[in-house]
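Asks: Handing you a structure now.
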Amino acid sequence: MSTKFQKAVDIVNALPKDGAIQTTNDEKLKFYSLYKQATAGNVDTERPGMFEFTAKAKWDAWHAIKDKPKDEAKAEYVDALKDILKKNGSGDAEKFIKQIDEAAKHLAKRIPPFISAETSAAYGHVEQLRYDFHVAE
């Protein structure tokens with residue numbers, strides 16, 4: 001799931017503000033909260049002050065899904081993006097859906113079928129680190 005999740009994050013971050021694929025404020029808050037839960041776990045900061053409207057909305061969205069397992073948050077993030085892309089129906093949306101699906105297939109092809117689930121998960125983590133390192137270069 002980490003590979004699909006990372007691909008989905010990359011797509012969301014690359015969407016142009018004035019592009020064909022637009023997200024509502026509620027969808028942006030959902031992506032924010034799921035991303036934070038998937039990467040950091042439960043919110044661990046104080047709720048922002050009364051006049052920090054955006055920060056407070058983000059905190060509330062993240063806090064609303066506390067205790068959600070990280071893998072579940074990753075899966076929901078991917079599903080939420082794919083739902084938005086399917087509703088959009090543009091050529092770009094179809095291309096992005098294909099990229100997400102192929103990201104998972106690419107990793108699956110590299111893991112032999114006799115590898116245990118635990119080893120497979122560790123391998124996925126190593127592949128994610130390799131991907132992160134390559135992207136950072």
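The values are calculated or read from the model by the stated rules, or taken from the named source; none is laboratory data. Owing to the predicted nature of the structure, the values given are computational and were not obtained by experimental measurement. Just the protein is used for accessible areas: all its heavy atoms, side chains included, with ligands, DNA and RNA removed. Shrake-Rupley method; radii C 1.70, N 1.55, O 1.52, S 1.80 Å.
Asks: From the phi angles alone, apply the Karplus equation (6.51, -1.76, 1.60; θ = phi - 60°) to the range 89-104 and give each ³J(HN,Hα) in whole Hz, x where the residue is Gly or Pro.
Replies: My calculation for the range 89-104 gives x, 6, x, 4, 4, 5, 5, 5, 4, 4, 4, 5, 5, 6, 4, 6 Hz in order.
Asks: Within the range 14-107, what whole-number % of the accessible surface is contributed by carbon and sulfur, with the 1.4 Å probe and all protein chains included in the calculation?
Replies: Values: 3050 of 5980 Å².
Within the range 14-107, the accessible surface is 51 percent carbon and sulfur.
Asks: Got a number for the accessible area of T23? Probe 1.4 Å, square angstrom, nearest 10.
Replies: The accessible area comes out at roughly 40 Å².
Asks: Ordering S33, S90 by how much accessible area each has at a 1.4 Å probe, largest first, what is the list?
Replies: Of S33, S90, the descending order of accessible area is S90, S33.
Asks: Please list 3J(HN,Hα) in residue order for the range 42-54, calculated via the Karplus relation 6.51 cos²θ - 1.76 cosθ + 1.60 where θ = phi - 60°; whole Hz, with x for glycine and proline.
Replies: 4, 4, 10, 10, 5, 5, x, x, 4, 9, 9, 4, 5
Asks: In addition: Just to make sure I understand: if all protein chains stay in place, what is the order of D101, D18, D67, D83 by accessible area at 1.4 Å, largest first?
Replies: D18, D67, D83, D101
Asks: Could I ask something else about it? Quick one: what are the phi-derived ³J(HN,Hα) couplings along the range 12-24, Karplus 6.51/-1.76/1.60 with θ = phi - 60°, whole Hz, x for glycine and proline?
Replies: 4, 5, 8, 5, x, 4, 10, x, 5, 9, 10, 10, 7
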